[in-house]
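Before any comments, here is the structure.
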Amino acid sequence: MAGRFGGLHISLPGLGSILLRPPAATTRTPTPTTSNLPPIYQDGPAVADASGQQSKWNGLSSSNSNGSGGNNNGSGGNAGSDSNEDSIINTTTAALHHQQFDEMAIVKPSYPSIHMNMEDYMSETERSNQVGDYAQLRTFFLTCFHSYASICATFKRVPDNGGDNAHDPELRMDFLNCVYDSLSSMPNAVHKTALRSIVHALLEEGRKLHSKDDVRALFILLQCPLFSSPSAYSVYSHLLRQILGLSNSDHHLFVHWLKILEPNRFRNIVRHLLQFISIRQFPAGERGLPAPTRSRWWIPTAVRILALLNASNNNTSSTAPLISYTEFYNSTLDHIDLMKEYLTWQSPDQPGQFSYCQYPFILSIAAKRFILTKDSEQQMILTARRSLVSKMSRNQPPRLELFFLNIHVRRSHLVLDSLNEISIKQRDLKKKLRVSFVGEPGLDMGGLTKEWFQLLIREIFQPDYGMFIYYPNARCYWFSTSTETNLKEYNLIGVLMGLAVYNSIILDLHFPSICYRKLLSPPVVPANHSARVGVVRNFNLDDLAQFMPEVVFGLKELLAYEGNVEEDMGLTFQVSFGEYNEVVTVPLMENAHRVPVTNANRNEFVRLYLDWILNKGIYEKFRAFYLGFHSVCASNALIMLRPEEVEILVCGSPKLDLRELQKNTEYDGYKAGDRIIKDFWDVLFELSPEMQKRFLRFVTGTDRVPVGGMAEMSFKITRLRDRPAFLPSAHTCFNQLVLPDYPDRETLQQKLFIALSNAEGFGLE
């Protein structure tokens with residue numbers, strides 16, 4: 001296809017060609033009337049159907065310029081009907097060759113009268129499917145999509161009304177959905193007719209429309225199911241460009257209208273765009289598509305339209321998103337040069353240059369992890385290089401330890417030693433982490449690091465430490481509001497989370513999701529040290545419900561109470577709650593004990609309550625936690641991450657799929673078809689979810705699945721010969737299970753259960 005809106009030459013695969021030449025400069029023609037357009041009639045004339053009988057289909061009629069009387073021999077796809085439509089298109093083209101609007105003339109919009117309802121349309125569709133005659137439907141699609149005016153005349157509830165109601169596009173959505181649902185399953189000849197008509201609508205000049213009807217027409221066309229086919233991409237690309245060319249206010253209107261779509265229809269638009277981007281990014285010789293060098297604008301345009309849908313999906317504060325944010329991921333982009341995209345985004349020498357990193361919602365969590373890891377590795381190399389240069393400048397011989405963040409701790413003083421080591425080695429935090437336990441021989445190949453993280457977090461989160469409150473009903477932790485705590489320990493937890501992300505380690509942490517929103521508020525530490533960090537402003541009851549569901553239930557009862565709140569409840573603007581068997585009373589404002597909660601101010605009471613628990617009551621502690629995390633993960637790559645994605649990077653995914661692990665398993669001394677291996681997997685699949693998590697922790701050091709799922713995990717089963725009395729053992733640094741050659745399934749099941757029930761620390765030897 002060659003598509004140039006400047007020269008207006010459109011070549012469509014399988015649809016023929018349309019050439020619209022601009023009129024001569026000296027030509028003066030009057031404003032065209034409906035007689036210059038393809039046949040859309042105010043009072044449609046009767047035409048002959050396939051049986052020779054005259055018919056008038058509910059006010060919509062077709063007229064054949066070749067005088068065939070509409071007889072298509074009962075077929076919607078024969079050469080005669082194609083020729084008839086070509087003649088209609090040629091007639092339109094010839095008329096448009098000589099059109100030029102008088103810019104000084106003011107013409108009131110005049111829409112065609114298209115009297116069509118869903119019942120008549122469904123009836124005709126059923127008849128066409130039964131007899132195989134799609135002539136009337138082809139005429140309908142040729143007429144309906146012929147222009148923006150005809151599109152609006154067909155699908156608006158009141159065609160002559162304009163307006164920009166953000167909550168209602170004022171369309172007959174049921175009828176539109178019915179038309180598009182049936183169009184998908186119609187013959188290819190009907191698809192060609194509809195696409196040809198859409199082309200004409202996109203190329204139309206001098207449109208006279210009611211207010212915002214151009215936005216409505218584009219909103220309708222974007223939902224067309226025909227754009228799922230690569231053969232329609234030439235038309236699709238120009239539709240996307242026209243949407244992108246709307247004003248900012250129209251884009252806002254478009255975003256609001258997208259919210260009213262059903263989730264499946266919204267999802268289909270997203271999928272069409274993602275497929276369009278993938279096929280253009282990795283061209284596979286699709287017939288009819290232009291060379292990539294002639295359509296470089298396709299991908300940036302499609303990604304920016306996808307950004308409108310992403311904004312619409314995220315801008316639903318009162319309701320849940322239409323689809324999951326993960327459905328915007330384009331996994332094919334995992335295979336492009338991601339670091340090139342990242343460097344283009346970061347380069348000040350290329351302002352305005354397109355990069356997928358500008359639109360991170362389209363990049364999968366695996367792609368973002370890759371960028372973050374590579375960026376971390378580059379920072380590690382730079383840090384190690386500086387240390388090496390510093391040693392060499394002082395004529396000191398370099399040592400291997402120079403290139404690592406070496407943590408030496410005693411098991412009996414784990415937290416204290418870890419705090420001291422991290423405090424002393426602040427400059428080395430961006431080096432590769434290596435852990436050793438005092439008095440224990442062994443080289444850290446990953447397993448000791450995992451164990452250090454697990455033991456340290458387990459100890460810090462003990463109730464005796466008083467740093468975090470565990471909420472059993474929600475099964476998660478939140479920061480203690482007690483003032484008698486050491487901020488350095490909160491900073492240590494932040495550093496641990498940063499080191500985990502930096503070194504691709506999965507932690508067994510259970511924070512509510514708002515914790516990760518606070519961690520990205522803002523995603524980059526401000527240069528002004530006095531700036532407030534870790535404060536979430538757009539909070540609501542759902543955020544508190546993640547760890548205090550009972551409190552939220554009470555607050556909702558307060559907001560919904562129909563009686564006199566002040567007299568019946570006797571509340572003031574102070575709250576009391578218990579931590580570690582102590583009751584603490586906190587004022588929410590000045591003179592809080594004198595300010596009663598009333599029907600008029602109860603919303604303010606709830607807002608202050610939430611703000612205190614989520615922000616003010618824990619500000620200093622969370623600030624230390626925030627700064628600890630960002631002292632390690634100070635990377636612009638964090639800007640690309642959603643809070644949910646940070647949580648996955650830190651904690652992994654809780655979804656286990658052991659069959660994926662089975663596919664990636666290597667065997668040393670065994671074969672996949674051996675009896676004991678078959679028994680092993682059968683036993684493992686039959687375990688409860690909790691025991692399966694124990695198994696994963698036994699062999700990898702954590703019960704969480706890393707980014708990318710178990711398909712990306714390496715796992716090896718090694719044979720231990722002639723030791724049937726031994727229990728299975730694991731080397732967590734290698735994700736390796738040492739499995740004795742047991743004589744039968746019962747013995748295997750018994751030994752494995754004992755091992756999983758008693759495993760602790762660095763495997764079980």
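The values are calculated or read from the model by the stated rules, or taken from the named source; none is laboratory data. Values in this document were obtained by computation on a predicted structure and should not be read as measured data. Because the Cβ atoms are built from the backbone with ideal geometry, glycine has one as well, and the counts that use them run over all protein chains shown. Side chains included, ligands, DNA and RNA excluded: accessible areas come from the protein's heavy atoms. Shrake-Rupley method; radii C 1.70, N 1.55, O 1.52, S 1.80 Å.
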Only one residue in PHE453, PHE468, PHE437 is over 22 Å from GLY701 (Cα atoms), out of contact with any Gly (no Cβ under 6 Å at 6 or more places or on another chain), surrounded by 18 or more Cβ atoms within 10 Å (Cβ to Cβ) and not aliphatic (A, V, I, L, M). Which one?
PHE468
Checklist (1) within 30 Å of the chain's Cα centre (by Cα); (2) open to solvent by 10 Å² or more (accessible area, probe 1.4 Å); (3) touching a residue at least 60 places away in the same chain (Cβ under 8 Å) applied to ILE220, failing item:
(2)
Residue hits (segment 447-479; in a loop (DSSP other than H, G, I, E, B) and either touching a Cys at 6+ places or on another chain (Cβ under 7 Å) or not charged (D, E, K, R) (or both)) are PHE461, GLN462, GLY466, MET467, PRO472, ASN473, ALA474
Take the conditions under 27 Å from VAL584 (Cα atoms), among the hydroxyl-bearing types (Ser, Thr, Tyr) and surrounded by 21 or more Cβ atoms within 10 Å (Cβ to Cβ) and apply them to TYR490. Does it pass?
yes
Restricted to segment 354-382 and to residues being over 22 Å from GLU647 (Cβ atoms) and touching an Asp or Glu at 6+ places or on another chain (Cβ under 7 Å), the residue surrounded by the fewest Cβ atoms within 10 Å (Cβ to Cβ) is SER355
Using the structure shown, decide if ILE198 is outside any loop (DSSP other than H, G, I, E, B), open to solvent by less than 30 Å² (accessible area, probe 1.4 Å) and farther than 24 Å from ASN165 by Cα.
yes
Where a residue in segment 476-496 is more than 17 Å from LEU456 (Cβ to Cβ) and its partner, wherever it lies, is aliphatic (A, V, I, L, M) and in a strand (DSSP E or B), with Cβ under 7 Å and at least six apart:
TRP478/ILE469; SER480/ILE469; THR481/VAL584
Tally the residues that are of a type in the set (Ser, Thr, Tyr) and either under 23 Å from LEU253 (Cα atoms) or not in a loop (DSSP other than H, G, I, E, B) (or both), restricting the search to segment 335-350.
2
Name, by its number, the condition in (1) of a type in the set (A, V, I, L, M); (2) touching a Phe, Trp or Tyr at 6+ places or on another chain (Cβ under 8 Å); (3) at pLDDT below 90 that does not hold for LEU737.
(3)
Select from segment 670-728 the residues that are of a type in the set (Ser, Thr, Tyr) and under 17 Å from ASP657 (Cβ atoms) and list them in ascending order.
SER688, THR700, THR702, SER714
Looking at ASP133, ASP174, ASP168, ASP181 in this structure, which one is charged (D, E, K, R), within 22 Å of VAL235 (Cα to Cα) and either within 32 Å of the chain's Cα centre (by Cα) or modelled with pLDDT of 90 or more (or both)?
ASP181
Which of the residues spanning segment 378-421 are over 38 Å from the mean Cα position of the chain (by Cα), of a type in the set (A, V, I, L, M) and in a strand (DSSP E or B)?
VAL409
Just wondering, is there one or more residues in segment 403-416 that are within 30 Å of THR481 (Cβ to Cβ) and open to solvent by 50 Å² or more (accessible area, probe 1.4 Å)?
yes
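To keep it simple, each residue is scored yes or no on (1) touching a helix residue (DSSP H, G or I) at 6+ places or on another chain (Cβ under 7 Å); (2) assigned to a helix (DSSP H, G or I).
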residue: ARG296; (1), (2): no, no
residue: PRO321; (1), (2): yes, no
residue: LEU333; (1), (2): yes, yes
residue: GLY352; (1), (2): no, no
Considering (1) surrounded by fewer than 16 Cβ atoms within 10 Å (Cβ to Cβ); (2) in contact (Cβ under 8 Å) with a residue 24 or more places away in the chain; (3) under 16 Å from VAL632 (Cα atoms); (4) not polar (S, T, N, Q), say which one PRO526 fails and leave the rest.
(2)
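Results for (1) surrounded by fewer than 17 Cβ atoms within 10 Å (Cβ to Cβ); (2) of a type in the set (Val, Ile, Thr); (3) in contact (Cβ under 8 Å) with a residue 60 or more places away in the chain, shown as yes or no for each residue.
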position: PHE698; (1), (2), (3): no, no, yes
position: ILE717; (1), (2), (3): no, yes, no
position: HIS731; (1), (2), (3): no, no, yes
position: LEU737; (1), (2), (3): no, no, no
position: PRO740; (1), (2), (3): no, no, no
Which ones in segment 667-710 are of a type in the set (A, V, I, L, M) and either in a helix (DSSP H, G or I) or in contact with a strand residue (DSSP E or B) (Cβ under 7 Å, 6 or more places away or on another chain) (or both)?
ILE676, ILE677, VAL683, LEU684, MET691, LEU696, VAL699, VAL705, MET710
What's the number of the condition ASN268 fails, among (1) open to solvent by less than 30 Å² (accessible area, probe 1.4 Å); (2) modelled with pLDDT of 95 or more?
(1)
Does at least one position in segment 237-259 carry a residue that is in contact with a helix residue (DSSP H, G or I) (Cβ under 9 Å, 6 or more places away or on another chain) and hydroxyl-bearing (Ser, Thr, Tyr)?
yes
So for segment 324-332 (the condition being out of contact with any strand residue (DSSP E or B) (no Cβ under 6 Å at 6 or more places or on another chain), under 19 Å from TRP257 (Cβ atoms) and modelled with pLDDT of 90 or more), does at least one residue qualify?
yes
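Which of the residues that make up segment 574-605 are open to solvent by less than 50 Å² (accessible area, probe 1.4 Å) and either in contact with a Gly (Cβ under 8 Å, 6 or more places away or on another chain) or among the aliphatic types (A, V, I, L, M) (or both)?
VAL575, VAL586, LEU588, ALA592, VAL595, PRO596, VAL597
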Would segment 319-337 turn up any residue that is of a type in the set (Ser, Thr, Tyr), open to solvent by less than 10 Å² (accessible area, probe 1.4 Å) and in contact (Cβ under 8 Å) with a residue 24 or more places away in the chain?
no
Between LEU509, LEU544, which is part of a loop (DSSP other than H, G, I, E, B), open to solvent by less than 30 Å² (accessible area, probe 1.4 Å) and of a type in the set (A, V, I, L, M)?
LEU509
